[in-house]
Every structure is written in structure tokens, then in C-alpha cells.
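The values are calculated or read from the model by the stated rules, or taken from the named source; none is laboratory data. Predicted model only: the values in this text are computed from it and were never measured. Here Cβ is always computed from backbone atoms with ideal geometry, including for glycine, and neighbour counts include all displayed protein chains. The accessibility values were calculated without ligands, DNA or RNA, using every heavy atom of the protein model including side chains. Shrake-Rupley method; radii C 1.70, N 1.55, O 1.52, S 1.80 Å.
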Amino acid sequence: MDSQKRSNMGNDIAIHIEGLGKQYQLGEGLDLSRTFRETVMDLPRILGNTLRSSAKKVQAKFKNDRSDTSHFWALRDINLDIKRGEVTGVIGRNGAGKSTLFKVLSRITTPSAGFVDIYGRVGALLEVGTGFHQELTGRENIYLNGVILGMRKAEIDEQFDKIVAFSETEKFLDTPVKRYSSGMRVRLGFAVAAHLAVDILIVDEVLSVGDASFREKSMSRMESVSNEGKTVLFVSHNMSAIRSLCKRVILLDKGQVVLDGPTEEVISTYLDKHFASHGEQVWPTLEEAPGDDVVRLRSVRLLDPATRQTEVDFSCNQPLDLEIEYEVLKPDLLTSQFQIRDLSGNVLFFAGEFQDLAWKDREHPVGTHRAVCHLPANFFTDGSYTIDVNILSVPHLIRATQLDALSFRVNDDYSLTGARGYRTDSNWPTVAIRPKFEYSLYHNGTPVNR
């Protein structure tokens, strides 16, 4: 595309993406766990392989080279136009390429092929603490982000009080950001991105870290940003949030755009074709597992309590066990936590070790830990569910997280003894859960025998 045509496009297009690809090299980086001497001795081999790799024609790899296991295409041949003032949702399973796409658009990483034209300033919230200098205070980071966006001090001053009030960080404004909880960093990060003079706002799933009231406030802010004529790109596993904000949704799978269209059409396709039950996830090594230098996940499983076998299909009157195993590398006050969502992304409930007073506020020593939560029979309604798993330092610092860690289906078999005995047909309201409770009946104040 010639430069004149691309220049004219900027009148109603906020983002133009053409032939975009992002490739990562596997297995040839510097291993930080090795000694300095080992690394230096191995540098000729690493540099030689890197030079040979860079000499290849990158664009040709789109059509072939699928057998090359030393490279991985996180994005492949993306072609998109995002209009000014449009609120666009981006959905897909974990590993589909959503975060990589947003990092390219935010200029955090460079593409391996193709190009991106962006018309305007970009504000992005991609990960907890993105764009913050950990040693600087909240106040200093607000001004730093404004300067990076090309704003004058007077412009930042104009928005400063709004940012502080929205983020609810007044008391900690002159505290270094490294001492903020993950929730505080998210609040400040979103407030900065949404209130400074940006033309394009890019928000990744990071808002799931905040509390419910802040998420609601953030959704409202994104709506008002779009009403001001700014462009919003939004990634979320919460289909209700996508539905309420977006008229257009892009579905990514394995680094490629598989569908781009009206919200309901794309979400329906995603839920129908891209949901598969899986009752177990195991990480073979600690290096591969989610976590940090304090704790790492080892495995998560859904089990039949009677057989201790992994299951993904449960009857409504069948209990199930959720097992979380993790490795503590440094003693800390920890808790495992999970939340269960329906296929629209609505969080039905969350639970964790902190709810059990016997384990509340108890430091976890170094070693392998296993927590089993016993979910009762006659609790879920018919349908499919996903489970997100977190390990936190009490009270709020997330150290390990895995979205969509497990998924399962509950079926209501009305022929089974002990089934709930009623159907959720058109005469019944739609419900998220459908527990079966015990009742005591009285007639004229006298208990009625069963």
C-alpha cells in the first residue's frame, strides 16, 4: 500500500493492520540459571544460530515451515482495520495471540512481518504494573506516563485530580509503586490510561484483578471514553462485559483471525466451537508452571470423590472435588483460590483456603501443598463451566494464576433417584445455580412427619 493511500486512511481509521506476524524463537535464549562461564562458552553457538535464523526470509514462513519446532508464530497474517470511536472486543482461548497482538499495537514488541499504522496516541493497560517504574511513587509515575505520551505538564495537571480520585490511591500517592498491591497498581494504571489525552485505549484481561466495584466503574469509564470519540480495544473472558461494551468482536485462534463481525454472532461461534471440557492440567516442570519465586502451580484436577478419577461430566446430584497442588519455594502467608464462571464469563462464585478458619492466616512452609475443595451435590444447574485458579499472598497479591484452568459440564438426569424433580423450562426463571435444600414442614405448629 502506497504512503499516500495510507495517509488518507487516517481520516476514519484509528488502526490499520496488514500482514502482521509475530514469531518467537524457542530454546535459543540465554539461560539465566546457568553459570556465567557456561553462558560465555556457549555464546558462539547461540550467536551462530541466531545469525543463521535471521538470514531466512521471514515472510515465506507464513506458508511453510510448520515443521520447524524451533520457532513459534504467536500471530500470523493479521489484516484488520479499526475505525475511530469504535469499541472492539477481542476474544479467544488462552494462547490465541490476544496479548501478543496488544503488545505489538502498544509498541512494546515489534512485529516479525507486516506492519501496523496507528493514528493517534495509545494508552494501554496490559499487565499489572505495565508502564510503571517500580522505584517511583504513584505521583511520579502519573507524570512519567503523561510525558511518554507526549503531554505537557499543564495537560497532566489538568487531569491529575481525576486520576487520583478514580484510582482511589490518595493515601499512597507518594509511596513507591513497588509497595502497591496488585489491585492498587491496576486501579492506578487504568486511571492513567483512561484519563490522559489518548486517542486509543487498549485494555487487556488485567481488569479481572480488581474488585467488583472498580470493574464496574472501569466499564462505565470505557463507555464514556468511546462516547468521547476515542477508540477502545478490549480483551476479556467475560462475555457479558464484551456484550455490554462492544458492537464488533474479533475472534483469534492460534494467532489468526478466524471471525470478525457482530458481537452476538462471534460470541456464539466461540462458545459453540471453542469450548472443550478438560478435567486436569499438569505442569511437568516448575519453570513451565504459572507462578514466581515464592510459589508455583503444579497441577489442578476435577475428581469424582468416590473413585478419585478425573472427570469432566457430572450429574446434578453428584458431588465433585477440586484439587489444587502447588509448590512453595519461600515461606509465606498463602492461600489457593478459585472462581467458577459460566460460558458467558459471569463469575458465579469464588472460594479458597481462607474460608476455612483452620487454615486462615497460617504461613505455608516450603514444600508441596495440596488443597481439595469439596463441592456439594445438587448445587449447579445444567450447563458448562470454567474454573480460574490463583495462588495469593494474603491478602491480595496474586503470585500464580491460570485462567480457564479446568472446564466441566453438569447434566440434570431427571430419571435418577434424588434428582431435583423439576425442569428449568420457559416457566422457570434463568438461574446461575440451582441448589437443592432440605425443608421442614409444620401444620398448625406441629412438625409433619416425612
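Considering only residues that are modelled with pLDDT of 80 or more and not hydroxyl-bearing (Ser, Thr, Tyr), look in segment 404-434 and name the one that is nearest to the chain's Cα centre (by Cα). Quick ask: steps written out before the conclusion?
Residues of segment 404-434 that are modelled with pLDDT of 80 or more, as a first pass: 404-410.
Those left that are additionally not hydroxyl-bearing (Ser, Thr, Tyr): 404-406, 408-410.
Values: 404: 9, 405: 11, 406: 14, 408: 19, 409: 22, 410: 24 Å.
Here the answer is 404.
Would it be correct to say that residue 307 is open to solvent by less than 20 Å² (accessible area, probe 1.4 Å) and more than 23 Å from residue 93 (Cα to Cα)?
No.
Do we have any residue at all in segment 291-302 that's hydrophobic (A, V, I, L, M, F, W, C) and open to solvent by 40 Å² or more (accessible area, probe 1.4 Å)?
First, pick out the residues of segment 291-302 that are hydrophobic (A, V, I, L, M, F, W, C): 294-295, 297, 300, 302.
Still in the list and also open to solvent by 40 Å² or more (accessible area, probe 1.4 Å): none.
Within segment 291-302 (the criterion being hydrophobic (A, V, I, L, M, F, W, C) and open to solvent by 40 Å² or more (accessible area, probe 1.4 Å)), the answer is no, since none of the residues qualifies.
Which is out of contact with any helix residue (DSSP H, G or I) (no Cβ under 6 Å at 6 or more places or on another chain), more than 29 Å from residue 226 (Cβ to Cβ) and either open to solvent by 40 Å² or more (accessible area, probe 1.4 Å) or at pLDDT 50 or above (or both), of 84, 52?
Details: 84 fails: more than 29 Å from residue 226 (Cβ to Cβ).
Result of the check over 84, 52: 52.
Each row is one residue, and each column tells you yes or no for (1) crowded, with 20+ Cβ neighbours inside 10 Å; (2) in contact with a helix residue (DSSP H, G or I) (Cβ under 9 Å, 6 or more places away or on another chain).
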{"position": "91", "(1), (2)": "yes, yes"}
{"position": "98", "(1), (2)": "yes, yes"}
{"position": "102", "(1), (2)": "yes, no"}
{"position": "135", "(1), (2)": "no, yes"}
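Of 257, 249, 266, all but one fail to be more than 22 Å from residue 411 (Cβ to Cβ), buried (at least 18 other Cβ atoms within 10 Å of the Cβ) and in contact with a Pro (Cβ under 8 Å, 6 or more places away or on another chain); the exception is 249. Can you pull out the residues in segment 333-384 that are of a type in the set (Lys, Arg) and open to solvent by less than 50 Å² (accessible area, probe 1.4 Å)? Across segment 333-384, the qualifying residue is only 341.
Of all residues in segment 211-242, those being open to solvent by 10 Å² or more (accessible area, probe 1.4 Å), over 14 Å from the mean Cα position of the chain (by Cα) and either under 21 Å from residue 397 (Cα atoms) or charged (D, E, K, R) (or both) number 9. Within segment 136-172, if we keep just the residues that are polar (S, T, N, Q) and either in contact with an Asp or Glu (Cβ under 6 Å, 6 or more places away or on another chain) or not in a helix (DSSP H, G or I) (or both), the residue that is nearest to residue 185 (Cα to Cα) turns out to be 169. Please work out if residue 166 is in contact (Cβ under 8 Å) with a residue 24 or more places away in the chain and over 22 Å from residue 337 (Cβ atoms). So residue 166 passes the test.
Here residue 366 passes the criteria (1) at pLDDT 80 or above; (2) in contact with a Ser or Thr (Cβ under 8 Å, 6 or more places away or on another chain) except the one numbered (2).
Can you tell me which residues in segment 176-208 are of a type in the set (Ser, Thr, Tyr) and open to solvent by less than 40 Å² (accessible area, probe 1.4 Å)? Reasoning before the result, please.
Step one: of segment 176-208, the residues of a type in the set (Ser, Thr, Tyr) are 180-182, 208.
Hits for segment 176-208 are 180, 181, 182.
When residue 330 is tested against the conditions (1) under 21 Å from residue 289 (Cα atoms); (2) open to solvent by 30 Å² or more (accessible area, probe 1.4 Å); (3) outside any loop (DSSP other than H, G, I, E, B), the lone failure is (3). Quick one: count up the residues across segment 236-257 that are on the phi > 0 side of the Ramachandran plot and in contact with a Leu (Cβ under 8 Å, 6 or more places away or on another chain). Going through segment 236-257 one residue at a time, the tally reaches 1. The listed residues are 133, 71, and the only one of them that is over 22 Å from the mean Cα position of the chain (by Cα) and at pLDDT below 80 turns out to be 71.
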